[in-house]
Amino acid sequence: MHGTRIAPKLSRRHFILTAATAAGGFMIGIGGLPRAAHAAAVTAQPWNDDNASAPNEIDAWIAVDPDDSILIRYQRSEMGQGSMTALPMMIAEELQCDWSKVRIEYASPNRNIRENKVYGPMYSHGSMSVRFSQKKMQQVGASARERLIQAAATRWSVPATECAAANSVVTHKPSSRTLRYGELAADAAKVTLAKEPAIKTPAQFTFIPKALPRIDVVHKTDGSAKFGIDAQVPGMVFAAITACPVPGGKLKSVDETVLKGAPGVLQVVKLPDAVAVVATDTYWRAKRALSRLQPEWDVGEAGKVDSETLSKQYRAALNDQMLTARNDGDVDKAFPGAKKTFEAIYETPYLSHSPMEPMNATVHLQPDRLDVWFGTQDPLEALEAAAKASGLKPEQVYVHNAFVGGGFGRRDGNDELAQAIAIAKVVNRPVKLVWTREEDTRQDKFRPHAVVAFKAATGDDGTPTAWSMRVVTSSIFHSVGRKWPANKVEPQTVAGLEDNGYNVPNTRVQSLVKNTHLPVWFWRSPGANQHVFAIESFVDEMAAANGIDPYQMRRKLLAGKSDWLKVLDTAAEKGDWGKPLPKGTGRGIAICTDTDSLCAQVAEVTVTPDGNVKVNRVTVALDTRYMVNPQTIAEQAEGSVIFGLSAALYGKITIKDGAAVQGNFDTYRMVRLAQAPKIDVHLVPSGGKKWGGAGEPAVPPIAAAVANAIFAATGKRIRTLPISDIDLRSSV
């Protein structure tokens with residue numbers, strides 16, 4: 001499978017529809033349905049009744065109309081990862097329905113609260129949507145299918161064992177009589193199964209894996225898709241906000257008299273750590289008015305912190321006592337007899353999530369009800385956070401989920417939601433709050449800063465016999481507010497290191513949490529997104545010093561692990577490993593595990609004499625164990641490469657006077673179309689007991705693959721990111 005792919009053109013009958021449903025969800029349909037409504041109804045109609053159930057429901061998940069159109073509810077979020085297509089595909093696999101007649105809507109978080117968590121968890125993070133929902137989705141489809149079969153059997157007065165379902169039709173096999181799902185739905189809803197039916201094993205699948213275009217693609221291509229930032233509510237006002245630039249700081253004072261009499265300005269709202277301006281007509285007016293304010297902040301000692309200081313503190317802490325995550329063999333005893341020893345320190349900076357859609361939330365707060373329109377990675381958690389912020393009961397809160405314009409972990413925080421509710425309490429009007437790009441970058445909850453120190457011993461064959469890895473980084477759990485035992489290693493602090501697949505008999509991995517005033521958060525492939533750069537670069541260091549081909553070094557270290565070797569070999573073969581390249585061009589290789597998947601990448605990079613880096617090509621081999629929709633998996637791998645490449649080449653949040661310096665895409669750069677490499681994706685699912693994730697495992701290897709390719713091209717080793725900070729000019 002190759003890089004850029006365009007979904008096949010759909011016929012006029014197979015367009016995507018959106019509408020407000022009777023249950024108050026956001027419906028996306030496949031196929032030309034006669035009752036199609038225009039797009040945007042989800043945001044244009046703020047009083048969708050989440051208390052109502054859809055007609056012809058079999059259960060909370062599925063409804064079948066008399067014309068055989070099938071409604072499937074989707075309980076997670078859709079931010080381009082494709083699970084809004086994949087999860088209904090898993091239901092359809094068991095339901096045995098006609099996919100062309102399926103329509104999909106977001107499940108209601110309010111209904112989930114009222115009906116004892118009927119939809120279960122609603123989050124989309126950690127590449128969990130498919131792998132953590134797989135059994136549940138299959139069970140939902142299988143249960144509905146058996147209830148439809150039982151309804152048909154009862155109508156015919158025959159044993160259910162004589163009936164079978166396929167393509168939205170139940171057939172009585174001995175007599176060939178048939179009934180459509182639409183004719184059976186009402187009776188099926190009344191059926192109680194004696195026990196839940198068994199679900200299929202992957203070997204029994206007939207519909208999946210199947211390459212299908214994501215159901216949201218057409219909407220997002222023609223511009224009709226509705227994101228949180230598109231919300232329009234009657235009578236709403238517009239808010240712009242600026243928070244204290246130093247996290248943890250407080251608002252000291254602000255002179256709001258400069259806005260006295262300003263047209264369209266409704267009110268200045270002061271929060272403990274921020275100030276907002278509310279305008280009656282446009283967000284732009286609120287933003288311009290906000291820019292005229294000069295708030296004073298109380299930043300405390302945190303206002304003295306800068307990146308250089310933090311780096312020195314982290315590096316000094318490498319000598320402090322640490323918690324041990326992994327301790328195989330005896331590392332210390334292995335060093336005296338080593339042929340060679342190696343030491344290196346790798347460092348990665350804070351990063352912003354920088355989704356294309358900045359943080360925003362629209363709220364309508366009333367004495368007995370709160371409605372929220374925004375894109376979130378966890379609508380159920382958002383509902384609970386909104387209830388807490390508003391003082392209402394959870395069942396009084398209605399979160400109208402929308403498409404998410406980029407999440408990467410950031411849209412789990414709900415800080416913009418809390419701000420919007422606080423403003424609404426003051427102005428007593430529906431409020432639409434939008435962050436500027438600068439606010440979105442500087443008020444982010446960052447990817448942690450990390451320093452990793454390696455020490456290794458290699459034997460006569462040049463491969464490592466022992467290695468030690470010591471990490472200093474911040475606690476994501478601390479920022480999230482999750483309690484974690486002080487004597488237990490936080491998983492993200494050692495991800496990509498502790499779970500490396502290499503057969504090194506003496507391995508020790510340790511970590512130390514060093515928190516600062518800066519909030520840190522989950523960032524696509526937490527921990528691994530920085531540690532894989534470190535360990536995979538260090539492996540290359542040893543290989544180069546010992547005269548071993550980096551690919552062959554990894555093959556030796558992965559001996560006996562067929563799944564790892566398959567991924568590694570595929571990337572090497574498809575990436576033309578070993579073939580001649582012109583001067584100034586090199587290849588690099590890297591491999592990792594993340595979210596129960598395996599990914600290897602080969603990067604081909606050219607470095608010009610004046611030090612410019614051009615990533616020409618990236619070859620990806622990805623093992624997600626099983627697949628639902630190979631097309632979306634490949635697309636996720638491509639997007640992951642671009643995401644990780646932006647971080648590797650340019651990503652850096654600099655701290656000065658306690659605050660983030662970068663604000664917009666002129667200083668916080670992204671890979672543009674002109675810099676994008678050709679990306680080849682090869683899917684090599686190995687099966688097994690687990691399902692792997694697709695949204696994250698292709699992020700961690702790219703930085704190391706590119707850095708190793710740069711070494712192959714120039715002989716210069718990169719131990720700190722971003723690459724753009726490194727002088728790669730030729731000395732010749």
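The values are calculated or read from the model by the stated rules, or taken from the named source; none is laboratory data. What you see is a predicted model, and the numbers here were worked out from it, not measured in a lab. Glycine also receives a Cβ, built like all others from the backbone with ideal geometry; neighbour counts cover every protein chain displayed. Accessible surface areas use protein heavy atoms only, side chains included; no ligands, DNA or RNA. Shrake-Rupley method; radii C 1.70, N 1.55, O 1.52, S 1.80 Å.
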Ignoring ligands and nucleic acids, I476 exposes an accessible area, probe 1.4 Å, in Å² to the nearest 10, of 10
Residue separation between Q552 and R114 times 0.36 nm, minus their alpha-carbon distance, gives in nm 152.0 nm
With a ≥ b ≥ c from the Cα gyration tensor eigenvalues, square-rooted, and the rule rounded for a/c under 1.5, otherwise prolate when a/b > b/c and oblate otherwise, the range 509-613 is oblate
Counting only DSSP loop positions in the range 357-454, the trypsin sites (Lys or Arg not before Pro) whose Cβ has at most 15 other Cβ atoms within 10 Å are none
Note on the chain: alpha-carbon gyration tensor, axes a ≥ b ≥ c; rule is a/c under 1.5 for rounded, else prolate if a/b larger than b/c, else oblate; result oblate
Flagged as over-length at 27 Å C-alpha distance, from K117/K388; K455/K690; K226/K445, the pairs are K455/K690
Pseudo-spin-label distance N319 to F132, built 7 Å along Cα→Cβ, given in nm, is 4.1
For the range 310-388, the accessible surface attributable to carbon and sulfur atoms (probe 1.4 angstrom, ligands and nucleic acids excluded) amounts in percent to 47
Taking Lys and Arg as +1 and Asp and Glu as -1, residues besides E93 with C-beta under 11 Å from its C-beta add up to +2
SASA check, E381, accessible area w/ 1.4 Å probe, all protein chains in place, rounded to nearest 10 Å², comes out at 80
Per DSSP, the loop-located trypsin sites (Lys or Arg not before Pro) within the range 462-527 having at most 15 other beta carbons within 10 Å are R482, K483, K488
Percent antiparallel among DSSP beta bridges confined to the chain, nearest 5, equals 75
Largest-first ranking of T606, T280, T624 by accessible area, probe 1.4 Å, whole protein assembly kept, is T280, T606, T624
Of the range 360-382, those with amide N under 15 Å from the point 7 Å along the Cα→Cβ vector of K388 are 378-382
Contour minus Cα-Cα span, K195 to A338, at 0.36 nm per residue, comes to 45.3 nm
Sorted by chain and then number, the residues having a modelled amide H within less than 5 Å of the amide H of V102, at least 5 places away or on another chain, are I30, I70
Note to self: with every protein chain in place and a 1.4 Å probe, the chain gives an accessible area per residue in Å² of 39
For the range 224-263, the accessible surface attributable to carbon and sulfur atoms (probe 1.4 angstrom, ligands and nucleic acids excluded) amounts in percent to 58
With all protein chains present and a 1.4 Å probe, the order of H172, H364 from largest accessible area down is H364, H172
SASA check, C592, accessible area w/ 1.4 Å probe, all protein chains in place, rounded to nearest 10 Å², comes out at 10
Helix-only [θ] at 222 nm, the chain, -39500 (n - 2.57) per DSSP H run of 4+, per residue, nearest 500, equals -8000 deg cm²/dmol
quick note, the range 421-555, DSSP beta bridge pairs, % antiparallel (nearest 5) is 50
